Structures are given as structure tokens and as C-alpha cells.
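What follows is a short report on a single structure.
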Amino acid sequence: MSIVNLLVVAVGVSADAFAVSLAQGVRVRRRIHRDALLVAVTFGLFQALMPLIGWMLGAQFSAFISPVDHWVAFGILLLIGAQMLWEAFRGGDEEPAEGRIRTRQLLVLAIATSIDALAVGLTFAFLDVAILPAVAAIGVVTAALTYIGVVLGHRVGTRFQKPAEIVGGLVLIGIGVKVLVEHLAV
């Protein structure tokens, strides 16, 4: 996988974490950069660990799935992207509470937003992606985007949450289609 494709994947799986960080930024009233750093490190760590776990699971089954790996990668990315689009258009009813970011809530959000990264890691095993640069890119991109998201959320509000989820979903679907087309053309 090229560095450009890897960065596109990193941005794609980071989109939901970015959207959540915007909402978290709305609730921060003081010490914005301290809380932004806390969110960035937490989300970046989980977004990096989950594809590593997915890759380890996928590596165990790659011999059995290699004849259809491109279909598996396409299907997983399509489902994740479609789920992100569904959630973006469905919308949420939750209003953020005022005050500070709570640690327990932050951990739950980090896990919830990194489930798609677990599935992406699974596809990395099928596509023979070098996992260390991939998880590093995903972690760093997620940390940077969520830091920016908290600061922007604090300043602008959540008006970009839906577009970020839509772009992330479309990017993942596009990458899935690209993987499928490349393997079918060979």
C-alpha cells in the first residue's frame, strides 16, 4: 500500500474520532489545550492499537482467506463506510453536557470510534500491508485530527460533524472499491 493510500485510510478511519472530538470541544470550558491533548492521545492510541489487533487476528486466517481477500477487504470497508454514512444522515439526539471531559466517557468514545480501525487492520492482513507504518500513521493522523477537532469544536461548535462523517464513510467505500478493482484487473 502506498504512503498516499495509507494516509487516506488513516484520515478515513479518523473521521469519526474527529467528529466526536468536535462535540467534545463544545463541552470544554477551560484548559482547552490540555483537554485537546488528552483526547488526541487517547483517540490516537486506540485508533493505532485496534488495527494492530485486527491485523494479528487476520494474519492467523490469511491462508484460508487469501483466494477471496479482495472481496473481504471490499466488504468490510464498504460496511464500515456505509455505517458511517448511515450514522451521519441519521443524526444524533445527544447534547453534550457542560463542563469537562470525563475520563470514563472518553475511553468509551475512544473504543467506539476505533472499532472500524479494528476491521481495517483485519483487511491489512489480507492485503499484506506493513503493519507498523500503518498503525503509526493511523495513530498520528488520528491524534492530530482529534486535537484540531477539540479546538475547533470549542471555537465553532459541531456544525462540521456530519460532513466529517460523510467524507470518512465515502473515503472508506472508495478505498474498498479501489482494492476490488485492482485485484479483479490482475
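If you go through the stretch 91-102 one residue at a time, do you hit one that is out of contact with any Lys or Arg (no Cβ under 9 Å at 6 or more places or on another chain) and at pLDDT 75 or above? No, the stretch 91-102 contains no residue that is out of contact with any Lys or Arg (no Cβ under 9 Å at 6 or more places or on another chain) and at pLDDT 75 or above.
Among residues of the stretch 91-119 that are in a loop (DSSP other than H, G, I, E, B), those with a Cβ under 7 angstrom from a residue that is open to solvent by 50 Å² or more (accessible area, probe 1.4 Å) and at pLDDT 65 or above, sequence gap 6+ or separate chain, pair up as E98/R29; I101/L38.
Looking only at the stretch 133-174, residues that are at pLDDT 90 or above, open to solvent by 40 Å² or more (accessible area, probe 1.4 Å) and either hydrophobic (A, V, I, L, M, F, W, C) or over 20 Å from M1 (Cβ atoms) (or both) come to 6 in all.
Residues are listed down the side, and each one gets a yes or a no for (1) modelled with pLDDT of 80 or more; (2) in contact with a helix residue (DSSP H, G or I) (Cβ under 9 Å, 6 or more places away or on another chain); (3) open to solvent by 70 Å² or more (accessible area, probe 1.4 Å); (4) of a type in the set (D, E):
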{"position": "L37", "(1), (2), (3), (4)": "yes, yes, yes, no"}
{"position": "L52", "(1), (2), (3), (4)": "yes, yes, no, no"}
{"position": "A59", "(1), (2), (3), (4)": "no, yes, no, no"}
{"position": "F74", "(1), (2), (3), (4)": "no, yes, no, no"}
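So, L85, is that one at pLDDT 80 or above and buried (at least 20 other Cβ atoms within 10 Å of the Cβ) or not? So L85 fails the test.
The values are calculated or read from the model by the stated rules, or taken from the named source; none is laboratory data. Only a predicted model underlies this, so the values are computations on that prediction, with no experimental measurement involved. A quick note on method: Cβ atoms are made from the backbone with ideal geometry, for glycine too, and the neighbour counts reach across all protein chains shown. SASA here: full protein model, heavy atoms, side chains in, ligands and nucleic acids out. Shrake-Rupley method; radii C 1.70, N 1.55, O 1.52, S 1.80 Å.
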